[in-house]
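Trainee: Submitted below is the structure of interest, expressed as structure tokens.
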Amino acid sequence: MTGIPVKFTILITILAFSAPLLGGTIASFPPKKYMIGPEIKYSPDGRKIAFTAGDGKKYNSPHYLYIGSSAKGSFRQKFADTVSAYEWKNSSEIIYVNTKGDTVTVREGNVSSGTSRTVYSFRKKMSGSGYARSYEKFDIKAISPGGGFILVERDKGTCSLINIKTGREDVLSGFQIPYSGNPASTVVFSGDKKRVLLFNGRENSWTVYAVSGNSLMHIKKITSVNGIKPGSNYKFSHDGSSVAFTVEKCKGGCFHVPYIYNISSGNLTELKTIRGGQILRVAFDSSFNNAVTNDMHRKLRTYRLK
């Protein structure tokens, strides 16, 4: 592939790392060299893992998408574009967002060939004058698995649901993503695109919505699960009926306890504890049987939870 900076070729070499089939370290970086992005995602079949990475010496450096085996690692940069958000379309294709200047582009890429095509593009307008001139806000907060829709945050916190194929945009009346620092507020679609889950980082709560036509219908707000606050490390099930999440605890060292919460029944199931390293992020596969962790921006480690 042409046009890939030399430093990313070096990163590819560093990531050519093998791990045991049943779990272990599947990617590793030298200290203070590179940074793994916050979002790590399994493919729908659980056989691949995707993440973004940039130069660890520059926190706001451009991030690129890397994909490898969930069993053996061997991660490679697949596309020349920088990536600000992404979602698996299926186990062989991925949807990602690339921003250049005033243009936000959504592309579909084949993870085997490294080829991609544009499926949606938006050009931001400039407003104001002098030093106050700036682009309008158009932040893609969520991409529906399989493609179809993107959830976008606009100026003054207004959110819209956009049909990628038709370009139709519908304002989501009454729906906003609360601003928060750490943990950040996030929103995701269920795998079947019938539900949306909002994590409120200000108060550590979840709110479940049904996707009804071109709008969202409130179903349930969850502020506590058996006395446990909802966490920012979570995975929405394919049908939107349950959530896998972790709670960090510290006693003789820090560790994460993973749970599965059934939204309808309220049942809470505890899984095997995740220990080791300084865990910054935990991501689950679709079956909730496996997890991968970001260990202090330096390592990816996999765990069996059942």
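Trainee: Residue pairs, Cβ under 6 Å, 6 or more apart or interchain, first in the stretch 235-246 and closer than 21 Å to LYS272 by Cβ, second among the charged types (D, E, K, R). List them.
Mentor: Pairs that qualify, where the first residue is closer than 21 Å to LYS272 by Cβ and the partner is among the charged types (D, E, K, R), are ALA244/LYS235.
Trainee: Moving on to the next point. What's the number of the condition PRO230 fails, among (1) surrounded by fewer than 14 Cβ atoms within 10 Å (Cβ to Cβ); (2) outside any strand (DSSP E or B)?
Mentor: The single condition PRO230 does not satisfy is (1).
Trainee: Can you name the condition, by its number, that LYS137 falls short on among (1) of a type in the set (Lys, Arg); (2) part of a loop (DSSP other than H, G, I, E, B); (3) in contact (Cβ under 8 Å) with a residue 40 or more places away in the chain?
Mentor: Among (1) of a type in the set (Lys, Arg); (2) part of a loop (DSSP other than H, G, I, E, B); (3) in contact (Cβ under 8 Å) with a residue 40 or more places away in the chain, the lone unmet condition for LYS137 is (3).
Trainee: Pick out, from the stretch 166-206, the strands (runs of 3 or more DSSP E) lying fully within it that include 1 or more residues that are on the phi > 0 side of the Ramachandran plot, within 17 Å of the chain's Cα centre (by Cα) and modelled with pLDDT under 95. It would help to see each step written out before you state the result.
Mentor: Numbers: elements: 169-171, 186-189, 195-200.
Result: empty, no element qualifies.
Trainee: OK, next. Are any residues in the stretch 116-131 modelled with pLDDT under 90 and touching a strand residue (DSSP E or B) at 6+ places or on another chain (Cβ under 9 Å), and if so, which ones?
Mentor: Within the stretch 116-131, MET126, SER127, GLY128 qualify.
Trainee: Tally time: how many residues in the stretch 118-132 are under 21 Å from the mean Cα position of the chain (by Cα) and free of Cβ contacts under 8 Å to residues at least 24 places away in the same chain?
Mentor: 2
Trainee: For the stretch 34-78, give me the residue count where each residue is over 15 Å from the mean Cα position of the chain (by Cα), farther than 18 Å from MET296 by Cβ and among the hydroxyl-bearing types (Ser, Thr, Tyr).
Mentor: Number satisfying all stated conditions: 3.
Trainee: Now, a different point. Of all the residues that make up the stretch 272-289, how many are out of contact with any Phe, Trp or Tyr (no Cβ under 7 Å at 6 or more places or on another chain) and crowded, with 19+ Cβ neighbours inside 10 Å?
Mentor: 5
Trainee: Take THR9 and decide whether it is modelled with pLDDT of 95 or more, touching a strand residue (DSSP E or B) at 6+ places or on another chain (Cβ under 9 Å) and more than 23 Å from ASP192 (Cβ to Cβ).
Mentor: No, not satisfied.
Trainee: Now for a different question. Please go through the stretch 207-257 and pick out each residue that is over 22 Å from the mean Cα position of the chain (by Cα) and at positive phi.
Mentor: Matches in the stretch 207-257: GLY213, ASN226, GLY227, GLY252, GLY253.
Trainee: Residues in the stretch 262-279: is at least one touching a Leu at 6+ places or on another chain (Cβ under 9 Å), without any contact (Cβ under 8 Å) to a residue 40 or more places away in the chain, closer than 30 Å to GLY174 by Cα and in a strand (DSSP E or B)?
Mentor: yes
Trainee: What number goes with the only condition from (1) within 19 Å of THR99 (Cα to Cα); (2) assigned to a loop (DSSP other than H, G, I, E, B) that PRO145 does not pass?
Mentor: All conditions pass for PRO145, except number (1).
Trainee: Only one of PHE236, PHE255 is surrounded by 16 or more Cβ atoms within 10 Å (Cβ to Cβ), under 27 Å from LEU151 (Cβ atoms) and among the aromatic types (Phe, Trp, Tyr); which?
Mentor: Details: PHE255 fails: under 27 Å from LEU151 (Cβ atoms).
Checking each option against the conditions leaves just PHE236.
Trainee: Continuing with this model, one more query. What are the residues in the stretch 32-46 that are modelled with pLDDT of 85 or more and out of contact with any strand residue (DSSP E or B) (no Cβ under 7 Å at 6 or more places or on another chain), if any?
Mentor: Of everything in the stretch 32-46, just one residue is modelled with pLDDT of 85 or more and out of contact with any strand residue (DSSP E or B) (no Cβ under 7 Å at 6 or more places or on another chain), namely ASP45.
Trainee: Quick one: which of LYS125, LYS137, LYS156 is exposed (fewer than 14 other Cβ atoms within 10 Å of the Cβ) and in contact with a helix residue (DSSP H, G or I) (Cβ under 8 Å, 6 or more places away or on another chain)?
Mentor: Being exposed (fewer than 14 other Cβ atoms within 10 Å of the Cβ) and in contact with a helix residue (DSSP H, G or I) (Cβ under 8 Å, 6 or more places away or on another chain) holds for just one of LYS125, LYS137, LYS156, which is LYS137.
Trainee: Continuing with the same structure: Yes or no: LYS141 over 16 Å from the mean Cα position of the chain (by Cα), at negative phi and of a type in the set (Lys, Arg)? Spell out how you get there, then give the answer.
Mentor: Working: over 16 Å from the mean Cα position of the chain (by Cα): no; at negative phi: yes; of a type in the set (Lys, Arg): yes.
Taking the combined requirement at face value, the residue does not satisfy it.
Conditions tested, residue by residue: (1) more than 21 Å from the chain's Cα centre (by Cα); (2) modelled with pLDDT of 95 or more; (3) of a type in the set (A, V, I, L, M).
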{"residue": "THR269", "(1), (2), (3)": "yes, yes, no"}
{"residue": "GLY276", "(1), (2), (3)": "yes, no, no"}
{"residue": "ILE279", "(1), (2), (3)": "no, no, yes"}
{"residue": "ASP285", "(1), (2), (3)": "no, yes, no"}
{"residue": "PHE288", "(1), (2), (3)": "no, yes, no"}
{"residue": "MET296", "(1), (2), (3)": "no, no, yes"}
{"residue": "LYS299", "(1), (2), (3)": "no, no, no"}
{"residue": "LYS306", "(1), (2), (3)": "yes, no, no"}
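Trainee: Would the stretch 245-252 turn up any residue that is assigned to a strand (DSSP E or B), modelled with pLDDT of 95 or more, buried (at least 21 other Cβ atoms within 10 Å of the Cβ) and touching a strand residue (DSSP E or B) at 6+ places or on another chain (Cβ under 6 Å)?
Mentor: yes
The values are calculated or read from the model by the stated rules, or taken from the named source; none is laboratory data. Note that this is a predicted model, so its numbers are computed, not measured. Cβ atoms come from the backbone with ideal geometry, glycine included; neighbour counts cover every protein chain shown.
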